[in-house]
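Enquirer: Sending over a structure as structure tokens; questions will come in a sec.
The values are calculated or read from the model by the stated rules, or taken from the named source; none is laboratory data. Predicted model only: the values in this text are computed from it and were never measured. Note that each Cβ is placed from the backbone with ideal geometry, even for glycine, and that neighbours are counted across all protein chains shown. Accessible surface areas use protein heavy atoms only, side chains included; no ligands, DNA or RNA. Shrake-Rupley method; radii C 1.70, N 1.55, O 1.52, S 1.80 Å.
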Amino acid sequence: MVGKIFKDFSLLSAILILVILVAIFGILYSYASDAIHTFGWDFLTTTTWQPGEDDDGGIFGGYIPIVGTLLATLIAMLIAVPIAMGIAIFLTEVAHPLLIKPVSIAIELLAAIPSIIYGMWGLFYFAPIIQQSFGGSGVGLLTAGIVLAIMIVPFMSAITKDAMNTTPGVLKESAYAMGATKFEVIKDVIMPYSKTAIIGSVILALGRALGETMAVAFLIGSIVKLPSKVTDPTTSIPVLLANNFAEAQDLELSSMFYLALILFAVSFIIISFAKFYFLGRKR
Amino acid sequence: MKKLLLGSVVALAVATSANAEALKGRGASFPAPVYKAWTSAYNKATGVQVNYTPTGSGDGIKSIKKRIVDFAGSDKPLKPEVLKENKLYMFPTVVGSIVLAYNIDGVKDGELKLSREAIAAIFSGKAKMWDDEVIKKENKDVKLPHEPITVAVRADKSGTTFNFTYFLNKINPEFKVSKKPEWKAEKVVAGKSNSGVTANIKQIKNSIGYIEYSYKLKENLPAAKVQNKAGKFINPTVKSFQDAAKYASWTKEKDFYAIIGDPDGETSYPIVAATFILLPAEKAEKNKEVVKFFEWAYKNGDKVAADLGYVPLPASTKDEIAKYWAEKKIK
């Protein structure tokens, strides 16, 4: 009896997730349909976001926010992945046992900081430093990317560390007994063993970086313009949505739902690609 | 943080007044500080609750057209035809001003003099460096760096931008009057709302941007002297705003439709803007309550407005508005 209730309940929960996913897609699509009919696929290559006179019509294109989102995420991943791996390896294999606990706690605390705090810190402290050392206006793609990286590092390193810790001691000891160096053990035993979890952590972090709104809104400069240098300001999909939602109407509103749909699709594609490509191969 | 606080205050106000007959308004964020001061003083004096949510002029116009609020605020006046079409009444409340605030090492408040030509050059991207000839010409005694200019603008659609571009358009018709124009300057950084732009100016060296006067006061940012129509360089002060407001030509026949930017007068600060209230014509009873509030504010709110950096309407305009109310039978 209890078993049946439990089975039904878990089935219901699982179905609910699917229903929500489809419902979100459906709603986004129906609100975006106006813009989809007006702009079609050209939306993806149009570089203007300009409402018409008196809020009537206008030309809206998603190219710049899409590129901005991908570039900021790319910068963040390029910086964050090696650092996160370094932290995880340090904590599992190198660090003195007394050091492990405090560093791990610090990382977990860092992961718990709300994103708006990263944004404020980035703007008030970090942006002037970037302006001094790299030129530009202080806020821009690079600043947003670096702060995004700082935000996702704790995420990745915490999961990776836990995964590396599950490597059986016997495996490592056997490798050492064969004369392997520490580096070889990490490279040939621990990394392959925890590969799945590492990739999983990267995917999770990627998802967070793609959709991050508040911190990036403070730091990216929010200008609908293609960056020509890495320090130039530009915009990203979530930032453009957050900045313009309150005042947008009709076609602009619909275009924003189109953008949201694209972000939804991009996240979905990247994450499922990563999942099937890296994790699917093993099976 | 201030925004957050403000948000929670508004939320609290909404929560505590849920059962009372509260008047609901939303729209322009430009006059929000003064409306907030007025509503709380009015509540203390009469016990009537008025809630105003600063969501932006565009949202205010949208909301009042859909009749989901009792009144709306807008920095952009609607033309009499548009008002008629949507069955709305309109009247101004206060005059505010927009200053050009900057962040240049060693240049203090009021030291930078910006000619009309220089402002157009900066915001169109023709002047790329601070020591450009067009800026240097009027600032011989100021040490301007050979650094690129970063222009700070609004990321959202805004009545402040509408009024600023109106001024730019008066200088050079190449600028389009818009709530969210395409900026042609080389280095542009956008922030959300007046506070976002203010934060950007504060943080970015060699930047300049347009913000509402009270934000300059609050953050103590240096602001430029601006050349007015008569050719004089005018410091942004309440006095120079008052001088500018005298030249506004509001008439009840035109529902007070007038954009007052770039007025005449030797002592007028040029970038001024009025902000307006929109009322739904058919809701006579509710309108009377809203009008009662603004009548009270015109009578008792001048000092508060001035303290916040706004200019109260001239007495003659207030009389004209009273006549307008009587004519529309909402007083």
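Enquirer: What does the charge count around A:Ala111 come to, taking other residues whose C-beta lies under 14 Å from its C-beta (Lys +1, Arg +1, Asp -1, Glu -1)?
Expert: Summing Lys and Arg as +1 and Asp and Glu as -1 gives -1.
Enquirer: While we're here: Non-local amide H neighbours of B:Ser207 (under 5 Å, H modeled in plane, Pro and chain starts lacking H): which ones?
Expert: B:Asn103, B:Thr150
Enquirer: Still on this structure: May I ask you to list the GluC sites (Glu not before Pro) in the range B:233-331 that are in a DSSP loop and have at most 14 other Cβ atoms within 10 Å of their Cβ?
Expert: B:Glu266, B:Glu282
Enquirer: Given labels modelled 7 Å from the Cα in the Cβ direction, how far is it in nm from B:Lys79 to B:Ala230?
Expert: The two pseudo-label positions are separated by 3.2 nm.
Enquirer: Taking amide H positions as placed in the peptide plane 1.01 Å from N, state which residues far from A:Thr46 in sequence (5 or more) or on other chains have amide H under 5 Å from it.
Expert: For A:Thr46, the qualifying residues are A:Gly62, A:Tyr63.
Enquirer: Quick one: check the C-alpha center-to-center distance for the range B:165-195 versus the range B:255-276, whole angstrom.
Expert: First find each Cα centre; the distance between them is then 18 Å.
Enquirer: Right, another one. Determine the relative contact order of chain B: mean sequence separation of Cα pairs under 8 Å and six or more apart, normalised by residue count, in whole percent.
Expert: Worked out over chain B, it gives 23 percent.
Enquirer: Relative contact order, percent, of chain A when contacts are C-alpha pairs under 8 Å separated by at least 6 residues?
Expert: The normalised contact order for chain A reaches 28 percent.
Enquirer: So what's the convex hull volume per residue for the Cα atoms of the range B:162-278, in Å³?
Expert: Cα-based convex hull of the range B:162-278, divided per residue, equals 131 Å³.
Enquirer: Follow-up. Apply 1/(1 + (r/R0)^6) to the Cβ-Cβ distance of A:Phe9 and B:Lys254, taking R0 = 56 Å, and write down the FRET efficiency to the nearest 0.05.
Expert: That gives a FRET efficiency of 0.25.
Enquirer: Residues with amide H under 5 Å of B:Ile234's amide H, sequence separation 5 or more or different chain, H placed in the peptide plane at 1.01 Å from N; which?
Expert: Under 5 Å from the amide H of B:Ile234 lie the amide H atoms of B:Val226, B:Gln227, B:Asn228, each far enough along the sequence or on another chain.
Enquirer: Angle between the Cα long axis of helix B:159-171 and the longest principal axis of chain B, 0 to 90 degrees, nearest 10?
Expert: 50 degrees
Enquirer: Going by alpha carbons, how many degrees (0 to 90, nearest 10) lie between the helix axis of B:284-300 and the longest principal axis of chain B?
Expert: 50 degrees
Enquirer: Ok, one more. Between B:Asp131, B:Asp75, B:Asp307, find the one with the highest GNM mean-square fluctuation for chain B; connect C-alpha pairs within less than 10 Å.
Expert: In this elastic network of chain B, the residue with the biggest mean-square fluctuation among B:Asp131, B:Asp75, B:Asp307 is B:Asp307.
Enquirer: Looking at chain B as a GNM with Cα springs under 10 Å, which of B:Lys283, B:Lys157, B:Lys24 has the largest mean-square fluctuation?
Expert: Result for chain B, Cα springs under 10 Å: B:Lys283 fluctuates most.
Enquirer: Continuing with the same structure: Can you give me the three principal axis dimensions of the range A:90-189 from its C-alpha atoms, in Å, biggest first?
Expert: 55, 26, 20
Enquirer: Quick check: from the Cα gyration tensor, does the range A:1-88 come out rounded (a/c under 1.5), prolate or oblate?
Expert: oblate
Enquirer: Rounded to the nearest whole Å³, what is the per residue volume of the convex hull around the Cα atoms of the protein assembly as shown?
Expert: Hull volume over Cα atoms, normalised by residue count, gives 209 Å³.
Enquirer: The range A:63-282: Rg/Rh from Cα coordinates, Kirkwood Rh?
Expert: Using Cα coordinates only, the ratio equals 1.05.
Enquirer: OK, next. Just to be sure I understand the model, the point goes 7 Å from the Cα along the line to the Cβ. What's the resulting A:Ile20 to A:Ile269 distance in nm?
Expert: 2.5 nm
Enquirer: To continue, here is another question. Pick out, from A:Ile117, A:Thr213, B:Ile122, the residue whose Cα sits farthest towards the positive end of the charge dipole of the protein assembly as shown, with +1 on the Cβ of Lys and Arg and -1 on the Cβ of Asp and Glu.
Expert: Comparing the listed Cα positions along the dipole, A:Ile117 ranks first.
Enquirer: Shifting gears a bit: Please give the calculated 222 nm ellipticity per residue for chain A, where each DSSP H segment of at least 4 residues contributes -39500 (n - 2.57) and the sum is spread over every residue; nearest 500 deg cm²/dmol?
Expert: Rounded to the nearest 500, it is -22000 deg cm²/dmol.
Enquirer: On a C-alpha basis, how far is the centre of the range B:47-119 from the centre of the range A:195-256 in Å? Whole number, if you could?
Expert: Cα centroid of the range B:47-119 versus Cα centroid of the range A:195-256: 28 Å apart.
Enquirer: Quick one: what are the phi-derived ³J(HN,Hα) couplings along the range B:117-130, Karplus 6.51/-1.76/1.60 with θ = phi - 60°, whole Hz, x for glycine and proline?
Expert: Taking θ as phi minus 60°, the curve returns 4, 5, 4, 4, 5, 5, 7, 9, x, 5, 8, 9, 10, 5 Hz for the range B:117-130.
Enquirer: Output the DSSP H helices from chain A with an along-axis C-alpha extent of no less than 18 Å and a mean Kyte-Doolittle hydropathy no less than -1.0.
Expert: Going by DSSP H runs, the hits are A:2-39, A:63-89, A:97-112, A:141-165, A:195-211, A:250-274.
Enquirer: In debye, nearest 20: dipole of the range A:63-282 around its Cα centre with unit charges on the Cβ of K, R (+) and D, E (-)?
Expert: Around 540 debye, computed over the range A:63-282.
Enquirer: Still on this structure, I have one more. Given the options B:Val177, B:Pro145, B:Phe293, identify the residue whose Cα lies farthest towards the positive end of the charge dipole of chain B (+1 on Cβ of Lys, Arg; -1 on Cβ of Asp, Glu).
Expert: Positive-end residue among those listed: B:Phe293.
Enquirer: Specify the angular offset, from 0 to 90 degrees and rounded to the nearest 10, of the alpha carbon long axis of helix B:193-203 from the longest principal axis of the alpha carbons in chain B.
Expert: 30 degrees
Enquirer: For the residue pair B:Glu111 and A:Leu98, what label-to-label distance in nm results when each label sits 7 Å from Cα along the Cα-to-beta-carbon direction?
Expert: Simple spin-label model gives 5.4 nm for this pair.
Enquirer: From largest accessible area down, sort A:Phe183, A:Phe257, A:Phe245; use a 1.4 Å probe on the protein chains.
Expert: A:Phe183, A:Phe245, A:Phe257
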